[in-house]
Each structure stands twice: as C-alpha cells, then as structure tokens.
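Read-outs: derived from the displayed coordinates by stated rules, not from any lab. If you're wondering where the values come from, they're calculated on a predicted model, not measured in any experiment. Glycine gets a Cβ as well: all are built from the backbone with ideal geometry, and neighbour counts include every protein chain shown.
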Amino acid sequence: MEAKIRARVAAQEPISREEAEWLFTQGSDALLQTLACEVRDRYHPRGEATYLIMSILNFTNVCVAGCKYCSFYKYPHQSGAYTLSFEQIQAKLNALIAYGGSLVGFNGGFHPKLTLQDYRTLFERVHARYPQLSFFEMTVAEFMFYCKQAKIPYAEGVEILAAGGTQWITGGGAEVLDDDFRRRVSPGKYTVEDYFSAQAAVLQGGLGSTATMVIGFGEPLEERMNHLERLREFQTVMEGRLPSFLCWTYKPYNNQWGGQEISTQEYLRWLAVSRIYLHNFVHIRTSVLTKNEEALQGLLYGANDFDLPIEDEVTQKAGATISVEFESILQAARMLGYTPVHRAPFTI
Ligand code: SF4
C-alpha cells in the first residue's frame, strides 16, 4: 500500500479513501510528513509559513440550536445571554487594530429575534467605520438559520448580504459533515446536504467561503472520512473556489457532551491526511486557537498557514487558552525551520 500511495502522490494523482484511511491508521509519522509536505510544495515555497492576526468577534451568544458540544450558547431569556452593541463591537475592533490585526470573523448563535436584515445593517456600519479591516461576516451555519427564519432561499439571502457589502460567509459551524454525527450531537442545526447547498449558493452568488472541520468528539474514522470525501467532491464541482481548509480540535469542557481532548499527535496525523487527500485545496491551516504553539508542528505535517487569534469566546468557554505572545508563537515556527511571513487576508 505504501509504495502505491507514494507513486500516486508523486504523480500528483488524488489518493483514494481507502488509501487515506490506511495512511491515518497505519502510515508512519515520517511517511505522513513526507507525503503531506510533498503535496504542500506544489502550492507554496518550501520552508515558508504564512499567518495573520485576527479576532473572532462573538456578536451574540443567544442560540436556539442546542448543540450538545457547545459551551458558549445561552437560551434567549437565560442569565448571561448577550448581544453586543455597536459600541462594544467597536471596542473589540479597536483592540484588534492595536494588535496589528487585519481580519475579523463574526460568529454568533442562532438568535431567534435577529434577522438577516439586522446583520446587513450591522455589517454596513462596520464596513463604513473600518475600511482597513477584512471581515468573515457569518458562518454558513448561521446563514442557513437566518434564511430559514425569513423563509427565503439561500440565493436570496446571499443577495441581501451582498447588497450590504458582505464578501465572505465562512464554512464555520461544519464540525463533522456526516448525518449520523449531526443526529447524535447537533440535531437542531442542519443536514449535510443542506449545508452544501447553502455553501454552493454562497459561492454561486459571488461571495467567498472556506472549509472547516472540528475533530475529537469521539467520532469514528468513517465519519471523518465522509467529511473529507464530500468536501473534496464539492471543491471539484466548485472548481477550487474554497481557498482554505482549517481543522481544529474539540475542547470538551463546560458542556453537555464532555469527553477528552484528542492528542496533538492525532491532530497532526489528521492534518497530514487532510493535506494529502484534499489535493485540490491550496491552503491547509493549522489551529493555534486550540493547539497553541503545538499547532506549529502542523507545518511539518503539510499545513502552510495559521492565524494568531486574540480572542474567541466560543472555544475559550470550552477550555481554549489564547496567548497574545505572538513573537513566541512565531519563534516556535522558526525553531521548526519555517520562516513566518505575514500575509494579507484572502481576496475573492
Ligand atoms: S455551536 Fe453554534 S449553533 Fe451550536 S449551540 Fe453553540 S452557538 Fe449555537
């Protein structure tokens, strides 16, 4: 099997699902690193890693989805529920600018009293006040909820947001794109088919999106592979319009699902398999948000890019610890033989 996979990667052919499973379960770390870096080198200068400073701005924690793995949400009338004012948002954006940040990922819950029009109005104000920043303005999961609330097709939802200047609806909220997984831990969110139809509408409407995944809920390999397989097919149909794939790890604290964190080694091996299997993704990103400096080892396993986040309440509530000692994180990349290069946010 190893020789067959090596030959396939050398010929720049996609590996099969069975080969990906073999790599994850039986391939040595050295093999995973070699093949993942071989695929990465098709797209990026060897020895270089790009990064940017960003913030995940949690606009509201009010949510009615009730995902069992979530440590962040509050029901509408629950104590601690909040929706930020424009002044509070400004304070967070000003803090990001002070850190030298350039990208903001808006992320909130499924708030039953907010509408797409409310988001559009908010984003218009934010764009006007902060032309120097780039924004990921919603996740696909949130976008789907607000379209359903308004009883409008996804294409119309895209038009509403695009008219207000929205450029990106990220692939956040994907976790594991497998319907059995979704029924177990997040039955109120969406089906996989629905998720991809919404993301297709986003891309076909001229907006940008990204691919994400979260692992470590105790999901079997088959479900993880279903995620990668659907994603690779989708990327092919969409002619490579998703610029990046970011995988991070579930944090099991303060929520109903609980469990234990997966090891860094397991994360790194999955990152490598993702890089090799998702041959049609240019950027594979490693998660400083959930793995801190250990995430930089992902560069040895095929990743080429990472964020330096200054906050994200969703993962912090679940146990993530964020450091703004950026120099020490960048130094970790250098120690591994990579030159960190600051990059601009993606453009469509
Ligand atoms: S993960 Fe997102 S959608 Fe699910 S409960 Fe938490 S905030 Fe709501």
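Using only alpha carbon pairs under 8 Å that are at least six residues apart, calculate the relative contact order of region 2-340 and give it in whole percent. That works out to 23 percent. Of interest is the spacing of the C-alpha centroids, which for region 307-338 and region 180-255 amounts to 23 Å.
Candidates ALA11, PHE72, GLN26 compared by Cα position along the dipole of region 1-81: farthest toward the positive end lies PHE72, with charges placed on Cβ. Cβ crowding within 10 Å ranks GLU159, GLU327, GLU193 as GLU327, GLU193, GLU159, fewest other Cβ atoms first.
Maximal additional length on extending the HIS77-THR121 stretch stands at 13.4 nm, based on 0.36 nm per residue less the C-alpha distance.
Separation of region 80-138 from region 25-65 is 25 Å, based on Cα centroids. No disulfide-compatible partner, judged by a Cβ distance under 4.7 Å, exists for the following cysteines of the chain: CYS37, CYS63, CYS147, CYS247. Other residues lying with their Cβ under 11 Å from the Cβ of ALA318 contribute a combined charge of -1, Lys and Arg counting +1, Asp and Glu -1. Restricting the calculation to Cα atoms, every distinct pair contributes to the Kirkwood radius of region 1-157, found to be 19.4 Å. Using the alpha carbons alone, the radius of gyration of region 2-340 stands to its Kirkwood radius in an Rg to Rh ratio of 0.95.
For region 2-340, a crude dipole built from +1 on the beta carbon of Lys and Arg and -1 on the beta carbon of Asp and Glu, taken about the Cα centre, is about 420 debye to the nearest 20. Rounded to the nearest 500, the helix-only mean residue ellipticity at 222 nm of the chain stands at -13000 deg cm²/dmol, with each DSSP H run of n ≥ 4 adding -39,500 (n - 2.57).
Measuring against 18 Å, Cα to Cα, the residue pairs LYS92/LYS148; LYS151/LYS189; LYS68/LYS251; LYS148/LYS189; LYS74/LYS291 contain LYS92/LYS148; LYS74/LYS291 as the ones spanning a longer distance.
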